[in-house]
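Worksheet: one structure, shown below.
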Amino acid sequence: MTEEEYWETALEGLEIGLRDAVRIYVCYQNQYYVANKAAFNNRMAYGLGDGLNGWSLVTANTKDKEVRATQFSAQGALFMSAWDPIGTDGFNDTYSNNIAQPLFDRESFESPVSAMQTPNRTVARMDTLKAAVELDPEGNLVGKVPIPGQAVRYDSAKKAWVPMGAGQTSMVSCTYDLVLSNYHHGVPMEMADFLYAAAFLQEWVTQDGPDDPYYDEEYASNMSSDAGIYRAYIHDVKESSITSYFDYYFPASDERMVGAFPPLLSATAS
């Protein structure tokens with residue numbers, strides 16, 4: 001698929017949706033929130049549709065570098081999901097997410113202002129981006145970017161990182177520089193955190209036999225499609241960079257293609 005084919009198909013779908021939709025919403029309800037203006041260096045951000053949200057707290061620029069927020073809910077509706085940072089049942093309700101999401105550091109994110117994919121903990125070297133695909137005889141999109149034999153993947157059965165070997169391909173490859181600092185409790189971030197997250201994902205979505213204790217069906221149902229996109233990695237500890245080989249092809253935007261599936265720092269399903 002080329003960029004021209006993508007936009008032709010997308011705009012056709014948009015036209016059909018606008019023409020045949022039962023309802024087209026042209027207005028929204030205003031809601032009002034209170035903030036202490038004297039505590040901020042500039043205005044507090046809020047969403048036009050949802051009011052105060054995670055970005056309100058993440059972008060809050062206060063004079064003392066602290067934000068104190070109060071949230072209210074209907075009786076009996078507070079913290080409806082389990083306090084689980086990994087599984088599918090954790091951090092799913094509004095109130096838990098109001099606490100958890102500002103503490104979660106993304107590898108990259110979609111800008112709430114421009115909708116552009118924006119690097120955060122992983123910065124793609126755009127001059128290393130390679131993307132090549134073709135249709136196989138069955139009409140499936142397959143990658144044509146060669147994966148070096150020394151690139152590694154996590155083998156859940158062997159509990160080890162193993163070389164891919166010769167003859168493998170992916171749709172895309174790109175090298176990412178890692179932006180490392182300290183965690184909130186002072187422990188430095190390192191390459192091992194990215195290896196652990198990638199291994200965790202593959203471990204828990206893969207069932208190695210009927211009695212595999214390191215397999216979770218609910219987690220796998222939510223995350224296995226993402227796990228299948230990541231093919232292999234080359235880790236450069238000295239340069240603090242990772243070259244990733246993956247199967248996500250999006251010809252309309254190179255930034256979104258490299259930003260949607262960067263090397264993992266978190267494997268949460270919440």
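The values are calculated or read from the model by the stated rules, or taken from the named source; none is laboratory data. As the structure is a prediction and not an experimental result, all values here were calculated from the model. Note: ideal-geometry Cβ built from the backbone for every residue, glycine included; neighbour counts use all protein chains shown.
The table for this structure:
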read-out: Any hit, segment 3-14, residues being aromatic (Phe, Trp, Tyr), under 30 Å from Val142 (Cα atoms) and either over 24 Å from the mean Cα position of the chain (by Cα) or at pLDDT 85 or above (or both); value: yes
read-out: Meets criteria (outside any loop (DSSP other than H, G, I, E, B) and within 21 Å of the chain's Cα centre (by Cα)) for Leu180; value: no
read-out: The lone exception for Arg153 - which of (1) over 22 Å from the mean Cα position of the chain (by Cα); (2) within 18 Å of Asp247 (Cα to Cα); (3) of a type in the set (D, E, K, R) it fails; value: (1)
read-out: Among (1) surrounded by fewer than 16 Cβ atoms within 10 Å (Cβ to Cβ); (2) within 20 Å of the chain's Cα centre (by Cα); (3) at pLDDT 95 or above; (4) of a type outside the set (A, V, I, L, M, F, W, C), the one test that Lys238 misses; value: (2)
read-out: Every residue from segment 96-138 that is more than 16 Å from Pro263 (Cβ to Cβ), in a loop (DSSP other than H, G, I, E, B), modelled with pLDDT of 90 or more and of a type outside the set (A, V, I, L, M); value: Asp136, Pro137, Glu138
read-out: Sole exception among (1) within 17 Å of the chain's Cα centre (by Cα); (2) among the charged types (D, E, K, R); (3) more than 26 Å from Ser56 (Cβ to Cβ) for Glu107, by number; value: (3)
read-out: Pick from segment 258-270, criterion in contact with a strand residue (DSSP E or B) (Cβ under 6 Å, 6 or more places away or on another chain) and not hydroxyl-bearing (Ser, Thr, Tyr), ranking: surrounded by the fewest Cβ atoms within 10 Å (Cβ to Cβ); value: Phe261
read-out: Given (1) within 16 Å of Ile229 (Cβ to Cβ); (2) of a type in the set (S, T, N, Q); (3) surrounded by fewer than 16 Cβ atoms within 10 Å (Cβ to Cβ), number of the condition Ser111 does not satisfy; value: (1)
read-out: Residue that is farthest from Thr243 (Cα to Cα) [pool: residues in segment 160-207 that are among the hydroxyl-bearing types (Ser, Thr, Tyr) and crowded, with 19+ Cβ neighbours inside 10 Å]; value: Ser170
